[in-house]
Amino acid sequence: MVNFCSDNATGVAPEILRALEAANTGNAMPYGEDELTRGLQAKFCEIFETEVLVFPVATGTAANVLALSVMTPPYGEVFCHENSHINVDECGGAEFYTGGAKLRALPGAAGKISAGALEAAIAGVGDSHHAQPAAVSLTQTSESGTVYTLDEIAEIAQVARDHNLNLHMDGARFANAVVSLGCSPAEVTWKAGVDALSFGATKNGVLGAEAVIFFKRELAEGFVYRRMRGGHLVSKMRFLSAQLDAYLDGDLWLRNARHANAMAARMAEGLAALNGVSIVSPVQANEVFLRLPEAMIQGLFDRGFQFYRWGAAADSEARLVTAFNTVPADVDALLSAARTLAG
């Protein structure tokens, strides 16, 4: 079997495993009082070129919903794309952890909302009958595999500032976006107007660790209590921090993402050349969304290739995801099989 279902289906990068083994030597203070966790602060500040506050958590969902919990009151409204992870895949977690804030799902081409759509959706300020606009959440890379440009983020951030809204970025595939844009982590976050980032790592070679990063430092007031109350303060925090430390060391996070993106581009280029195949969303990171003949889908399944059908089955749409350890020969094998099935 060759699995292109998700970058969550992969194993763990060797560098991460070595870091965990090293962290397993001796004892260390619990609940984030260890040296590794303390050291993350300086490391993230260096990478983002500014003073930040960093809080490791175990999952991307925890990072998103806990970040949003300090960005909106219970009567607030969080604007997001209709296909965003917080709206579709987190089981009401954002509503739960914010104490009842409302998600306002906006449409948008290629998985992205626009500044214009956000501006048009903001209403009811000061009206006690309406949820009060409080925050915006952008997914970078988007759920359609596309990347918000620096200008797009800045335009959305300007609308947010004009209306006193906090701006959150769900960066489950943040490294893939940074590589795709060819920019610095600072440029795509706080320099563009982002207030808090869910910094993803698990999809890019880490065993299981994420981080909430606050650029707007006052938002972090009370976060430690919300993390504890929500059951996400890990006692043996050093093992989360060891993963993040190794992930950042020597730009492993960017190297892994660069490889994953390159494999997706290789796959998309080969598939797009086949009769009956069409790419339905620009391939800008490590996900390929395409429409292909039903016979080709079934033929690839029969040959041991795994990937998800996407959207309505009648559309014959699929999603294929590459990862930090995708083998070029596996991509080529898929392309060879698809060419045979295309006739």
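The values are calculated or read from the model by the stated rules, or taken from the named source; none is laboratory data. A quick note: this is a predicted structure, and the numbers were derived from the prediction, not measured. Quick reminder, even Gly has a Cβ in these numbers, built from the backbone with ideal geometry, and neighbours come from all protein chains shown.
Observations on the structure shown:
- Residue match in the range 325-340 (condition: at pLDDT 95 or above and within 16 Å of Ser142 (Cβ to Cβ)): no
- Qualifying positions in the range 298-334 - surrounded by 15 or more Cβ atoms within 10 Å (Cβ to Cβ) and more than 27 Å from the chain's Cα centre (by Cα): Gly299, Leu300, Arg303, Ala333
- Index of the failed condition, Val280 passing every other in (1) farther than 25 Å from Thr149 by Cα; (2) surrounded by fewer than 24 Cβ atoms within 10 Å (Cβ to Cβ): (1)
- Residues of the range 164-191 classified as part of a strand (DSSP E or B) and under 10 Å from the mean Cα position of the chain (by Cα), total: 3
- Residue count for the range 300-343, restricted to those that are assigned to a strand (DSSP E or B) and either in contact (Cβ under 8 Å) with a residue 24 or more places away in the chain or among the hydrophobic types (A, V, I, L, M, F, W, C) (or both): 9
- Of Ala285, Ala268, all but one fail to be of a type in the set (Gly, Ala, Ser), without any contact (Cβ under 8 Å) to a residue 24 or more places away in the chain and surrounded by 15 or more Cβ atoms within 10 Å (Cβ to Cβ); the exception is Ala268.
- Restricting the range 298-324 to residues that are hydroxyl-bearing (Ser, Thr, Tyr) and modelled with pLDDT of 95 or more, the residue that is farthest from Val283 (Cα to Cα): Tyr308
- Residue count for the range 133-148, restricted to those that are without any contact (Cβ under 8 Å) to a residue 60 or more places away in the chain and among the polar types (S, T, N, Q): 2
- Scanning the range 116-150 for residues that are part of a helix (DSSP H, G or I) and of a type outside the set (A, V, I, L, M, F, W, C), we see that the one that is nearest to Leu165 (Cα to Cα) is Glu119.
- When Ala186, Ala175 are checked against the criterion of being surrounded by fewer than 19 Cβ atoms within 10 Å (Cβ to Cβ), more than 17 Å from His81 (Cβ to Cβ) and in contact (Cβ under 8 Å) with a residue 12 or more places away in the chain, a single residue qualifies: Ala186.
- Check on Leu68, crowded, with 23+ Cβ neighbours inside 10 Å and among the aliphatic types (A, V, I, L, M): yes
- Each residue in the range 106-138 was checked for being under 18 Å from the mean Cα position of the chain (by Cα), among the hydrophobic types (A, V, I, L, M, F, W, C) and within 17 Å of Met71 (Cα to Cα), and 3 of them qualify.
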